[in-house]
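Let me begin by presenting the structure, written as structure tokens, before commenting on it.
The values are calculated or read from the model by the stated rules, or taken from the named source; none is laboratory data. Bear in mind the structure is a predicted one, so any value in this text is a computation, not a measurement. Glycine also receives a Cβ, built like all others from the backbone with ideal geometry; neighbour counts cover every protein chain displayed. Accessible surface areas use protein heavy atoms only, side chains included; no ligands, DNA or RNA. Shrake-Rupley method; radii C 1.70, N 1.55, O 1.52, S 1.80 Å.
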Amino acid sequence: MAGGAADCYHNIRRVGTLMKIEEATMGLDITVKAAAKLLQNIILSGEKLQLGCMVAGIDAIFGPQLYYIDSSGDFVEGDRFCVGSGSTLAYSALDSALKPTTEPSKPISLTQAVYHAMWAVRHATVRDAFSGGYINAFVIRRSKQHPHGKVYHVARVDCKELEVPLTAHSLVVDSDSEDGGDGNGTNTTSSEPTTTTVPMKVMQVMDSIQHELDT
């Protein structure tokens, strides 16, 4: 969420309460789209709220979903969004990193997806006075133990630590970035020359997520 802190905090709690009421009434788990519609209905009811948000989740009917909602009541479904005062700047970095190429498209890895998102936020902090501080990255993944998805907090990084952008299929893992190592990076895909360094602690979190999904 982005916007007024009070509006964001209040409506997160409000939508959560409405979701529990709906589930108790219907006897079924609420879908991600229905949860997003609850927030849209609050905005369209006439309350003058200053917020923009993304609603993401996984349900048994529609699977993974992502929705964008703003203070005017716009409701859009898509695969990537940016919100906040620096959103236009973040979009430019995100679209540039994920732009189509002449080569056959390949699905990017979870680690690449996280760093594309983190770099987009980092890019916005350069020119937007209201963006900055720490970047927190969350991933929602579905597994046998969590069929409706589980939220993982995979990274918390000072935006100043991200200095070089990622390209769509370029990533270097530096074993010297945390707790020592032999300094030999592992180049996973090197179709582009521009790379960045992934802290080992983040890689360990990613590995633990993948291990949980595999078991």
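Restricting attention to region 113-126, and to residues there that are within 16 Å of Ala2 (Cα to Cα) and either of a type in the set (Gly, Ala, Ser) or assigned to a loop (DSSP other than H, G, I, E, B) (or both), which single residue is most open to solvent (accessible area, probe 1.4 Å)?
The selected residue is Ala117.
Could you tell me how many of the residues in region 42-83 are closer than 14 Å to Cys8 by Cβ, modelled with pLDDT of 85 or more and over 21 Å from the mean Cα position of the chain (by Cα)?
Number of matching residues: 2.
Listed here are the residues, each with its yes/no results for (1) within 17 Å of Gly78 (Cα to Cα); (2) among the hydrophobic types (A, V, I, L, M, F, W, C).
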{"site": "Ala2", "(1), (2)": "no, yes"}
{"site": "Lys20", "(1), (2)": "no, no"}
{"site": "Asp29", "(1), (2)": "no, no"}
{"site": "Val32", "(1), (2)": "yes, yes"}
{"site": "Gln50", "(1), (2)": "no, no"}
{"site": "Phe62", "(1), (2)": "yes, yes"}
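Could you check region 127-146 and list, in sequence order, the residues that are surrounded by 12 or more Cβ atoms within 10 Å (Cβ to Cβ) and either in a loop (DSSP other than H, G, I, E, B) or modelled with pLDDT under 75 (or both)?
Once the filter is applied, which keeps residues that are surrounded by 12 or more Cβ atoms within 10 Å (Cβ to Cβ) and either in a loop (DSSP other than H, G, I, E, B) or modelled with pLDDT under 75 (or both), region 127-146 yields Asp128, Ser131, Gly132, Arg142, Ser143, His146.
Among the residues of region 67-94, write down those that are polar (S, T, N, Q), open to solvent by 50 Å² or more (accessible area, probe 1.4 Å) and in contact with a strand residue (DSSP E or B) (Cβ under 8 Å, 6 or more places away or on another chain).
First, pick out the residues of region 67-94 that are polar (S, T, N, Q): 71-72, 85, 87-88, 92.
Subset that is open to solvent by 50 Å² or more (accessible area, probe 1.4 Å): 71-72, 85, 88, 92.
Selection gives Ser71, Ser85.
Taking His153 as the residue in question, decide whether it is assigned to a loop (DSSP other than H, G, I, E, B), open to solvent by 40 Å² or more (accessible area, probe 1.4 Å) and under 25 Å from Asp29 (Cβ atoms). Steps first, please.
Working: assigned to a loop (DSSP other than H, G, I, E, B): no; open to solvent by 40 Å² or more (accessible area, probe 1.4 Å): yes; under 25 Å from Asp29 (Cβ atoms): yes.
Spelling it out, it is not the case that His153 is assigned to a loop (DSSP other than H, G, I, E, B), open to solvent by 40 Å² or more (accessible area, probe 1.4 Å) and under 25 Å from Asp29 (Cβ atoms).
For region 1-29, which positions are touching a residue at least 12 places away in the same chain (Cβ under 8 Å) and either among the aliphatic types (A, V, I, L, M) or open to solvent by 20 Å² or more (accessible area, probe 1.4 Å) (or both)?
Of region 1-29, the ones touching a residue at least 12 places away in the same chain (Cβ under 8 Å) are 1-4, 7-8, 11, 14-15, 18-19, 22, 29.
Residues satisfying the conditions are Met1, Ala2, Gly3, Gly4, Asp7, Arg14, Val15, Leu18, Met19, Glu22, Asp29.
Would you check which residues across region 69-78 are touching a helix residue (DSSP H, G or I) at 6+ places or on another chain (Cβ under 9 Å) and assigned to a strand (DSSP E or B) and list them? Spell out how you get there, then give the answer.
Of all residues in region 69-78, those touching a helix residue (DSSP H, G or I) at 6+ places or on another chain (Cβ under 9 Å) come to 69-75, 77.
The answer is Ile69, Asp70, Phe75, Glu77.
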